[in-house]
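The values are calculated or read from the model by the stated rules, or taken from the named source; none is laboratory data. Keep in mind that this is a model prediction, so the values were computed, not measured. Note that each Cβ is placed from the backbone with ideal geometry, even for glycine, and that neighbours are counted across all protein chains shown.
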Amino acid sequence: MNGISINMVMLLAAILFVLGIVGVIIRKNIIFMLLSVEIMLNAAGLAFIVAGAKWAQPDGQIMFIFILAMAAAEVSVGLALILQVYHQHKSLDIDKLREMRG
Amino acid sequence: MEIAFYITAFITIVSTLLVITRHNPVHALLYLVVSLLSLALIFFMLGAAFAALLEVIIYAGAIMVLFIFVIMLLNLGKETAEQEKKWLRPKVWVGPAILSLVLFAELCFLINTDDPAFYKPENAVEPKVVAISLFQPYVIAVELAAMLLMAGVVGAAHIGQHKKMVHHRFLKEEELS
């Protein structure tokens with residue numbers, strides 16, 4: 001892996017994942033929460049890629065491709081839900097969307 | 001090589017931090033695109049050139065455009081014009097521009113270098129190997145991913161359609177059919 005330490009890349013993936021979790025927790029807007037979920041998926045993909053590069057196997061990139069497909073499906077359904085919620089409630093604030101009394 | 005990785009990792013972390021702290025969704029999206037581009041550069045340095053391509057084309061190209069479309073759909077209003085004027089100030093785009101200029105300089109350096117360690121890492125995984133592995137041992141997973149994407153498309157089309165509100169109870173049957 002020509003000089004790049006696997007520990008550092010794993011640390012970067014962990015930092016990105018934590019940033020995604022922090023984003024999900026601190027934001028009140030559904031769009032930002034979806035963006036933070038994307039950040040977390042990217043961090044997981046980075047971990048897979050670096051593991052695949054460590055042993056020079058293609059499985060890491062294949063898992064990344066599946067993560068990509070999953071993210072695309074998730075984003076399309078999530079954004080359709082966001083549009084529908086906005087049309088019904090005129091707001092994207094999760095504190096105002098309390099239909100389920102959660 | 002390591003210094004290039006550390007610069008890129010720093011850009012990734014900074015732009016991701018800015019994503020989760022911006023108040024305006026479009027600013028956050030700009031920084032998220034920068035973060036994805038720098039992650040693609042890291043994938044390239046790790047020898048996963050195919051994954052780097054997919055990251056740029058699908059993530060930064062397709063999924064982010066989907067986000068931008070939805071944000072534009074949600075912002076249709078009288079205040080859109082002033083908002084556009086506000087968003088196009090240099091303060092808005094200078095941050096992502098600087099970060100992506102650093103990435104671009106790094107990319108130029110990586111392309112122009114003569115050291116084969118940069119453009120052909122020792123344990124790089126070729127796209128051919130990935131494709132062979134994808135369509136031989138993992139072919140069932142590919143089919144499952146296709147079904148997942150199909151379900152995603154159908155689900156998004158079903159959720160996203162507008163139901164016409166009909167207030168007259170006798171007209172309801174005709175409007176729905």
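Taking interchain pairs and intrachain pairs at least six residues apart, which have beta carbon atoms under 8 angstrom, with the first residue in region A:53-65 and free of Cβ contacts under 8 Å to residues at least 24 places away in the same chain and at the interface with another protein chain (Cβ under 7 Å from one of its Cβ atoms) and the second outside any helix (DSSP H, G or I) and surrounded by fewer than 23 Cβ atoms within 10 Å (Cβ to Cβ)?
So the pair list comes out as A:Ala56/B:Asn123; A:Ala56/B:Ala124; A:Ile62/B:Tyr138.
Out of B:Lys86, B:Lys78, B:Lys91, I need the residue that is more than 30 Å from A:Ile25 (Cβ to Cβ) and either modelled with pLDDT of 80 or more or loosely packed, with under 13 Cβ neighbours inside 10 Å (or both). Which one?
The match here is B:Lys78.
Quick one: in region B:16-30, of everything that is more than 10 Å from every other protein chain (Cβ to nearest Cβ) and not hydrophobic (A, V, I, L, M, F, W, C), which residue is nearest to A:Gln61 (Cα to Cα)?
Per the criteria, the residue is B:His27.
Would region B:145-162 turn up any residue that is more than 30 Å from A:Gln57 (Cβ to Cβ), at pLDDT below 80 and part of a loop (DSSP other than H, G, I, E, B)?
So in region B:145-162, the residues more than 30 Å from A:Gln57 (Cβ to Cβ) come out as B:153-162.
Those still in the list that are at pLDDT below 80 too: B:162.
Subset that is part of a loop (DSSP other than H, G, I, E, B): B:162.
Yes, the conditions are met somewhere in region B:145-162.
Within region A:10-42, how many residues are more than 28 Å from A:Asp95 (Cα to Cα) and more than 7 Å from chain B (Cβ to nearest Cβ)?
4
From the list B:Leu134, B:Leu101, B:Leu110, pick out the single residue that is within 23 Å of the chain's Cα centre (by Cα), away from chain A (no Cβ under 11 Å) and at pLDDT 85 or above. Spell out how you get there, then give the answer.
Details: B:Leu134 fails: away from chain A (no Cβ under 11 Å); B:Leu110 fails: at pLDDT 85 or above.
From the options B:Leu134, B:Leu101, B:Leu110, the qualifying one is B:Leu101.
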